[in-house]
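Structure, as structure tokens:
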Amino acid sequence: MDLPGITRCGKSLFRWGQRTYIMGIINLSPDSFSGDGCESLDSARQRALQMVEDGADIIDVGGESTRPDAGPVSVDEEIRRVIPFISSISRDISSPVSIDTYKCEVAEQALNAGACMINDISGCSIESGIAGLAAQKQVPVILTGNQRGKKVTDILESVISQLKDLIERSIVCGVRPENIIVDPGVGFGKTVEQNLEIVRRLDEIKALGYPVLLGTSRKSFIAATVGSSQEERFMGTAASLAIGITRGADIVRVHDVGQMKLICRMSDAIVGRDTGK
């Protein structure tokens, strides 16, 4: 199945297959797993502006930590954390803003505030209304393979089966195929070996026929493989992205935009994609 050619997100057009797009991570939760939670709106704003200057094509904003042992955040608290920032930054940057949430009310307020993409790490399985909201607002939605709470032996079979189901349900809800992006969910309910296998076999996810987002940045499977220092996680992230791009990743979700852009450009050049911005 061929990829949908173009996805519109706000004022941006994503032409799949031309190059790898970069999603910069803004964490507005104080307990981010990677230790990069922004302490104030001003620090978050400065980080986002720098990411755009460094080449981020999308800014992904989240107000709740997704690490396995993180406590839940109420809808009101998540709204308090993310909406003022999205309202401000979406007016001042050219790159579109994505809202990282699985809560319908948060997603709707974020879209009203200026976001134009939904990144739901639950795959629209915690609050099924997310897909309907994406359809109503005609915005792209990222569907994630999440195996938390499941005992899985064949990880690719599990992820592909789940993504197929999520895609079908989203289309039934009215989401246009060109607005669907899939994420195999590295780190979500998977062992170190399973995460490595997903990156190695990412082309099998790509065979579903939708753009693929790869999010490996600073994750624990990298620390378990090469070491947990900042430099070790950085280099491990770079290696995982380079391999992922050769396997078909269309978007990479990263903390270190400027440096990872170089990884993307070199990887794109090797696989024959455009190396420009």
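Amide H contacts for C9 (H built 1.01 Å from N in the peptide plane; partners 5 or more residues away or on another chain; cut-off under 5 Å): F14. Each of V52, T20, N119 was scored by the projection of its Cα onto the charge dipole of the chain, and the greatest displacement toward the positive side belongs to T20; charges sit on the C-beta of Lys, Arg, Asp and Glu. Cross-link check: pairs K103/K261; K103/K219; K11/K190 evaluated at a Cα-Cα cut-off of 25 Å; pairs beyond the cut-off: K103/K261; K11/K190.
The residues of the chain present an accessible area of 42 Å² per residue when probed at 1.4 Å with all protein chains retained. Beta bridges assigned by DSSP with both partners in the chain are antiparallel in approximately 15 percent of cases.
Using a Cα-Cα cut-off of under 17 Å, which lysines could be cross-linked to K206, ignoring same-chain neighbours fewer than 8 residues away? Answer for K206, where 17 Å is the Cα cut-off: K164, listed by chain and number.
The 1.4 Å probe gives accessible areas that order Y102, Y210, largest first, as Y102, Y210.
Of the options [x] 24, 22, 20; [y] 52, 23, 17; [z] 55, 27, 13, only one is semi-axes √(5λ) of the Cα gyration tensor in Å as computed from these coordinates, and that is [x]. Phi-derived couplings, Karplus 6.51 cos²θ - 1.76 cosθ + 1.60 at θ = phi - 60°, listed residue by residue for the range 208-225: 5, x, 10, x, 10, 9, 10, x, 10, 3, 6, 6, 5, 5, 6, 4, 5, 8 Hz, with x used for Gly and Pro. For R265, the accessible area of its heavy atoms, probed at 1.4 Å with every protein chain present, is near 110 square angstrom. With kT/(6 pi eta Rh) evaluated at 10 °C and eta = 1.306 mPa s, and Rh the Kirkwood radius from Cα pairs, the range 108-202 diffuses with a coefficient of 116 µm²/s according to Stokes-Einstein. Judged by the mean number of other Cβ atoms found within 10 Å, the most tightly packed of the peptides 53-59, 172-178 leads the ranking 53-59, 172-178. M117's amide H: which non-local residues (gap 5+, or another chain) put their own amide H closer than 5 Å, with H modeled 1.01 Å from N in plane and none for Pro or chain starts? Those qualifying (amide H under 5 Å, at least 5 residues apart or on another chain) are I99. So, with a 1.4 angstrom probe, what is the percent of accessible area on the chain that is carbon and sulfur? Heavy-atom surface of the chain belonging to carbon and sulfur, 1.4 Å probe: 49 percent.
With semi-axes defined as the square roots of five times the eigenvalues of the C-alpha gyration tensor, the equivalent ellipsoid of the range 159-262 measures 26, 15, 11 Å, largest first.
The values are calculated or read from the model by the stated rules, or taken from the named source; none is laboratory data. Keep in mind that this is a model prediction, so the values were computed, not measured. Virtual Cβ from ideal backbone geometry, glycine too; neighbours counted across all protein chains shown. Surface accessibility is based on the protein's heavy atoms, side chains included, excluding ligands, DNA and RNA. Shrake-Rupley method; radii C 1.70, N 1.55, O 1.52, S 1.80 Å.
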